[in-house]
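K.L.:
First the structure, then my questions, so here it is.
The values are calculated or read from the model by the stated rules, or taken from the named source; none is laboratory data. Just so it is clear, the structure is predicted and the values come from calculations on it, not from any experiment. Ideal geometry is used to build each Cβ from the backbone, glycine not excepted, and the neighbour counts take in all protein chains shown.
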Amino acid sequence: MLGAYVDYAISLAADMVAIFLLAYGLYFRRHRRADLLLAYVALNVGIFVAMSLLASVRVDLALGFGLFAILSIIRLRSSTVTQQEVAYYFVALVLGLVNGIALADRWLTLGINVLLLLTMLVADNKRLRDRTRRTDITLDVVHVDDAALVADLERRLGGRVLHHEVNVVDHVRGCMVVDVRYRAGQPVADAVPEGHRLEIILDVVHADEAALVADLERRLGCRVQSHQVKNIDYVRDTMVVDVRYSRAADGGADRVEPGLDGHVVVVES
């Protein structure tokens, strides 16, 4: 009986050392979220106790599967966790599982613990994580041109966009939500300077997109970054265009005058 208690104490000590290294030595020192320390330790010790009981008491196989079915449907409702934190949850669970089984081969148990800890040490490396980042960005403008969208994202993020996906486009509020994967800290070769915005009433209706852009650039005397046609009036033969443009060094060749409904009219010099 005393030998069984000694074996249990050795397994528990090994598990506590492993969870300490995982939760405090790796996770907390890298992510600085103290509330999850308790969650990881509690999950690990709970799994350890459950597995040690299953290993020492003869139970039906269905009961064992039922236990893990219950564990598998637990949802983390308290707060949002990242994918890295989910990985730590999983490793904490496996550590408790491995140490709680109390394998006869102690070296195998020790090797599995070291393997799991080394895996997290290497995989959750700051240099590796910082190579690419992911974020959801809500832009205050709707880009119809993909190149202009990428240029705007790189200017705002200060890095190179590796992948992007438009999730929401709201023409009512004039905004869009983009899922962006980017590499921070890299200089952007074709960074677009911060542009100016105007709603322009043109005295002509352009059916061709290229002709519209060319007319806008001719009237403004600078490069159009993006544009959106907001209204076309075939009765008065006018169109309202929301334009983002980069101001030329000489201020542009045309002058801007107030128009109707809060818009502006570009008048040729």
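K.L.:
Restricting to region 138-185, name every residue that is among the acidic types (Asp, Glu) and without any contact (Cβ under 8 Å) to a residue 40 or more places away in the chain.
P.N.:
Residues satisfying the conditions are Asp140, Asp146, Glu154, Glu165, Asp170.
K.L.:
Right, next: Return yes or no: is Asp124 in contact with a Lys or Arg (Cβ under 9 Å, 6 or more places away or on another chain) and assigned by TED's automatic domain parsing to the domain that holds Asn44?
P.N.:
yes
K.L.:
Moving on. Give me the residue from region 68-87 that is of a type outside the set (Gly, Ala, Ser) and under 14 Å from Ile47 (Cα atoms) and, out of that set, modelled with the highest pLDDT.
P.N.:
Among residues in region 68-87 that are of a type outside the set (Gly, Ala, Ser) and under 14 Å from Ile47 (Cα atoms), the one modelled with the highest pLDDT is Phe68.
K.L.:
Looking at region 187-203, is at least one residue assigned to a strand (DSSP E or B), at pLDDT below 90, in contact with a Gly (Cβ under 7 Å, 6 or more places away or on another chain) and exposed (fewer than 14 other Cβ atoms within 10 Å of the Cβ)?
P.N.:
No, region 187-203 contains no residue that is assigned to a strand (DSSP E or B), at pLDDT below 90, in contact with a Gly (Cβ under 7 Å, 6 or more places away or on another chain) and exposed (fewer than 14 other Cβ atoms within 10 Å of the Cβ).
K.L.:
Here's a follow-up. Against the definition (out of contact with any His (no Cβ under 9 Å at 6 or more places or on another chain) and surrounded by 13 or more Cβ atoms within 10 Å (Cβ to Cβ)), how does Glu165 come out, yes or no?
P.N.:
For Glu165, the condition - out of contact with any His (no Cβ under 9 Å at 6 or more places or on another chain) and surrounded by 13 or more Cβ atoms within 10 Å (Cβ to Cβ) - is not met.
K.L.:
Determine the pairs where a residue that is in a loop (DSSP other than H, G, I, E, B), located within region 229-241, has a partner that is surrounded by fewer than 18 Cβ atoms within 10 Å (Cβ to Cβ) and of a type in the set (A, V, I, L, M) with Cβ atoms under 7 Å apart, the partner being 6 or more residues away or on another chain.
P.N.:
Tyr234/Val205; Asp237/Val204; Asp237/Val205
K.L.:
Return the residues of region 193-222 that are within 17 Å of Val141 (Cβ to Cβ), free of Cβ contacts under 8 Å to residues at least 24 places away in the same chain and not β-branched (Val, Ile, Thr); say none if nothing qualifies.
P.N.:
Hits for region 193-222: nothing passes.
K.L.:
Take region 134-144 and flag every residue that is surrounded by fewer than 15 Cβ atoms within 10 Å (Cβ to Cβ) and modelled with pLDDT of 80 or more.
P.N.:
Thr135, Asp136, Thr138, Asp140, Val144
K.L.:
Follow-up. Taking Arg173 as the residue in question, decide whether it is over 30 Å from Leu12 (Cβ atoms), outside the structural domain of Met16 (by TED's automatic domain parsing) and more than 20 Å from the chain's Cα centre (by Cα).
P.N.:
Criteria met by Arg173.
K.L.:
Which count do you get for residues in region 111-133 that are farther than 20 Å from Phe90 by Cβ and either at pLDDT 85 or above or not in a helix (DSSP H, G or I) (or both)?
P.N.:
4
K.L.:
Further question: Would it be correct to say that Leu212 is closer than 20 Å to Asp146 by Cβ and out of contact with any strand residue (DSSP E or B) (no Cβ under 6 Å at 6 or more places or on another chain)?
P.N.:
Against the criterion (closer than 20 Å to Asp146 by Cβ and out of contact with any strand residue (DSSP E or B) (no Cβ under 6 Å at 6 or more places or on another chain)), Leu212 qualifies.
K.L.:
Further question on the same structure: Of the residues Asp105, Asp60, only one is at pLDDT 80 or above and loosely packed, with under 10 Cβ neighbours inside 10 Å; which?
P.N.:
Matching residue, one of Asp105, Asp60: Asp105.
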